[in-house]
Every structure is written in structure tokens, then in C-alpha cells.
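Here is the structure we will look at.
The values are calculated or read from the model by the stated rules, or taken from the named source; none is laboratory data. All values reported here derive from a predicted model rather than from experimental measurement. Positions of Cβ are backbone-derived with ideal geometry, glycine not excepted, and every protein chain shown enters the neighbour counts.
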Amino acid sequence: MTGRIVVPGDQQYDSARQEFNTFFNKYPLVIVFAQKTQDVVNAVRWASKKKVPIRMRSGRHNYEGLSVMNGGMVIDVSEMTQLEVDRKRGIATVGTGWRNVALTEKLGSEGLVVPTGVCPTPGIAGVTLGGGHSILTRPWGLTQDHLLEVEMVDANGRVLRANADTNPDLFWASRGGGGGNFGICTSFRFRTHRIETVGYAEISWDLRDLKSVLRVWQNYTLLSADRRLTPTLFMSSGVQPPVLMQGVFLGPAKELRTLLKPLLQAGTPLKVTIDEIPWLEAAALVYARQPATPLPFKSVGPYVYRLLTDKGIDKIERFVNEHPPDNTASVFFHGVGGEVAEIPSHATAYFYRKALSNVTLFSTWSKPEGAAKGIRWVEGLRLALRPFTEGIYVNTPDLSIKNWPEEYYGSNFERLTRVKAKYDPTNFFHYPQSIPPAGNEI
């Protein structure tokens, strides 16, 4: 093996094995921090020869801790941060170890952007392979919609390329099929956008305004809504401010203020900020509202396909107000649609393109006994919202979901199993809820 090798007993072992979700505490046999593609090739071949199970990792943000395991090998690409920018063609070739915030800042310094997630520290590999919801999603689509080519190491240690012309079936599966199913991605080629200043909005309310705000906010996610604006809405009991809307608008602040007039008239806003600011400043404000340091949590993200009725909004208000007293619980709506919905649901493996928003249910705790309460809270709210939601974002896995093939992939699952059978017939890359080769029982 090559790369930076960490094994039990090494001084850095405990920090190297830790996931972002500290609820999970696992002890791998070896962790390989790859610096180049050959390090990944060597690690895969070593694990295959020694019959050691593996997991792959980029940003450590897997919600169920599935990027690490007891007694196996973790192949970590977080130190693969190569970057080449073809400024004339607007194409960036990036190593799969980049984190959202670091890549945003690096490209943004040149006036470029690849839309990535709203959390600062997830790895670009997992974000892209599962879809990629960003604060620029409605005008420009998902992170994966900017993907032009994937470099991947397969189960035999071969380096493959997948794009529209070479291995197009693997390229299709790599856009929404989720991380860890077909191979270990070592680099991506993205098309970029030029970006300078943006309209930025941040509006806060007290918790008593939750219902009236959500009722109005969701109108900004309709297919008929101005897609230049990507809005989010954060609702929590125990976090200040309790209700917070953020949005990035590809247009002037004056026009944004007019667009947001119905929302400004909902409830009694505590603070209103609507400015035209540099893109990197807006991105930093969005990242600042998301968890940036490891913590224990339970979370899952279903999709909203139609406007919530008062009954659905009532359920959200009740759960937010009745969360376990020692826990912090929140509901985070992220408007999607727009450009995302312009691509057919079967054109890539990402299925839920017609959704209006994604809603992340999240609970964290400070005491060990809070874990069971937080898990029950998330599961209870997920089930309560089932009449109003469809599917689950594959980047928010939940091992309690039994019919996960349909929930994550809709009617794209069967095709994904055929791609799996072609590129990984022995199911070398597997984990709980991984895609099986066609013909294999789940």
C-alpha cells in the first residue's frame, strides 16, 4: 500500500477514524489517506487480495456512519485536493477530497462557481454522487448536473473514465446513484459558472410565526416561482433565531426585495437583511448557519412534491415545539425545482427532479440518553409527514427505512442494479443499503 497509512496504535488513529456524526464510534483495521489515484489502486488491490472489506470516505459526513467500519479498510480521498481550471472553457478538474467551503472559496477567488451543498464541510465526492442541493440550485441545477467526467477506480483496481461518450451507463449511475456503490472516485471534471455579486436575503422571526411564514415561504418553490431565487427555511426550538429564511438571488437587491414582499408581510420579522453582496460573502453567510464541527445527530431528508396543507404545517409546528428537552431539533426546508426539474427523472440516476423542496429533519443531543429520544423524534416526524412527502434524498440515508430502493431511487433502482452487475459483479463495494448487482437478493 501507498499513501498515508494509519493503523491502531498510531498517535493520529483516533482522530483519523472519527466521523462527523460522533454518535458512531468504529475501529477500522487500517485507514489509507490517498494522495493520488495510484494510492487508491494499490489499496483496492491489497484489500481484494487480503479479503479485507472496505469503505470509502471523502468528507466523513455519511449520516449513518457508513464511510467507516469495524475491522475493515477505510480508503479516504480527503487529501486528494488537486485542482486544474481551464479558464477559457470554464471547466474545473478537481480531486474528490475537496470540501464544499474550500472549493467554493478557491473557485470563487477567480469569479467561478460549481454549485455545491449548503453545509461547509461535506466532501465533494459524496455531495456530487448523490445529487447536490445548493443555494444556487433553482437557477443552475444540482451539483451533479455540472459533472462532465468521472475518474474512478473499480473493484479490480483499474482506472476508469465515465462521461457522455465513454462508459455512459456508469456516468448515468454516478449522477444520483450515491457514493460507494460502483467504485472509488478520484477526480471530477465540472463545468463552472461565472459569478460576482448576488442578491442575498436573510429574514428571521419568532417561533410563533412559524405557520404563517412556512405557508408563504413554500410558494417560492413552485415551478412558476422566479427560479433566480433559491430559498431555505430553518425552524428550530433551542436555536436562535427560531425561524430563519435565507436566499441567494441572481439579480439586484431592489428586485429581490419586491419579490420577497409577501414573505416580509408574514408574521412579524425580527430582522431583515436584503443586500447585493459578493458571492463569496453570501456563501459564507449560508455556511455559517449549518453545523461545521462534529456532533452526534440523527437526520433524514424526504422530498416535498406539493404545497403543504395546514394539517401538514400543524404537524411540523407541533414536533418543533415538543422536541425532547435536552435535545436540539430542527426542520430545514431547501427549495429545489427550477432548473433541476427541466431534466427528466430518468436522464440521470437522481430521480426526484419534480420535487418542490427537500426537508431535512435533524436532532442532536448533549447527553448519551438523548440519542434514543432524538432518533424517535426524527422517525416520528418523518412518519407524520409521509402523507405530504415522497422519497428520501440518498445523501441523507436512514437505516431504519425498509423499502429504501424505492425511497432513494424511485423507478431508477432496477437500472442501477444492472450497472452494478456490469462494473462490480462480485459486489466488492458493499455496505448496508448499497445497490446490489442485478439478480442478487437484497
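Remarks
- Boolean, residue 265 is assigned by TED's automatic domain parsing to the domain that holds residue 371 and surrounded by fewer than 15 Cβ atoms within 10 Å (Cβ to Cβ): yes
- Some residue of segment 320-343 being part of a loop (DSSP other than H, G, I, E, B), among the hydroxyl-bearing types (Ser, Thr, Tyr), in the same structural domain as residue 213 (by TED's automatic domain parsing) and in contact with a strand residue (DSSP E or B) (Cβ under 9 Å, 6 or more places away or on another chain): no
- Restricting attention to segment 390-414, the residues that are of a type outside the set (Asp, Glu), modelled with pLDDT of 95 or more and out of contact with any helix residue (DSSP H, G or I) (no Cβ under 8 Å at 6 or more places or on another chain) total 8.
- Residue-level analysis places residue 96 outside the set of residues that are of a type in the set (Val, Ile, Thr), surrounded by 24 or more Cβ atoms within 10 Å (Cβ to Cβ) and under 20 Å from residue 248 (Cβ atoms).
- Subset of segment 229-281 that is among the acidic types (Asp, Glu) and in contact with a strand residue (DSSP E or B) (Cβ under 6 Å, 6 or more places away or on another chain) - its residue that is farthest from residue 315 (Cα to Cα): 276
- Inter-residue pairs, beta-carbon under 8 Å, first closer than 18 Å to residue 371 by Cα and in segment 18-43, second among the hydrophobic types (A, V, I, L, M, F, W, C) and assigned to a loop (DSSP other than H, G, I, E, B), 6+ apart: 19/68; 24/68; 26/68; 26/69
- Flag for residue 347 being under 25 Å from residue 251 (Cα atoms), assigned by TED's automatic domain parsing to the domain that holds residue 383, among the small types (Gly, Ala, Ser) and surrounded by fewer than 20 Cβ atoms within 10 Å (Cβ to Cβ): no
- Per-region count, segment 304-346, residues hydroxyl-bearing (Ser, Thr, Tyr) and within 19 Å of residue 211 (Cα to Cα): 3
- Within the set 224, 212, the sole residue that is surrounded by fewer than 23 Cβ atoms within 10 Å (Cβ to Cβ), under 22 Å from residue 360 (Cβ atoms) and among the hydroxyl-bearing types (Ser, Thr, Tyr) turns out to be 212.
- Scope segment 387-400; condition touching a residue at least 40 places away in the same chain (Cβ under 8 Å) and farther than 15 Å from residue 178 by Cα; matching residues: 387, 388, 389, 390
- Applying a threshold of 7 Å to beta carbon distances and a minimum spacing of six or more residues, or different chains, the list of pairs starting in segment 156-172 at a residue that is in a loop (DSSP other than H, G, I, E, B) and ending at one that is basic (Lys, Arg) reads 157/45; 167/161.
- Any hit, segment 61-74, residues being more than 23 Å from residue 294 (Cα to Cα) and not acidic (Asp, Glu): no
- Residue within segment 258-265 that is within 22 Å of residue 133 (Cα to Cα) and touching a residue at least 60 places away in the same chain (Cβ under 8 Å) present: no
- Test for residue 381: is it in a helix (DSSP H, G or I), hydrophobic (A, V, I, L, M, F, W, C) and buried (at least 22 other Cβ atoms within 10 Å of the Cβ): yes
- Of all the listed residues (373, 311), the sole one being part of a helix (DSSP H, G or I), surrounded by fewer than 22 Cβ atoms within 10 Å (Cβ to Cβ) and in contact with a strand residue (DSSP E or B) (Cβ under 7 Å, 6 or more places away or on another chain) is 373.
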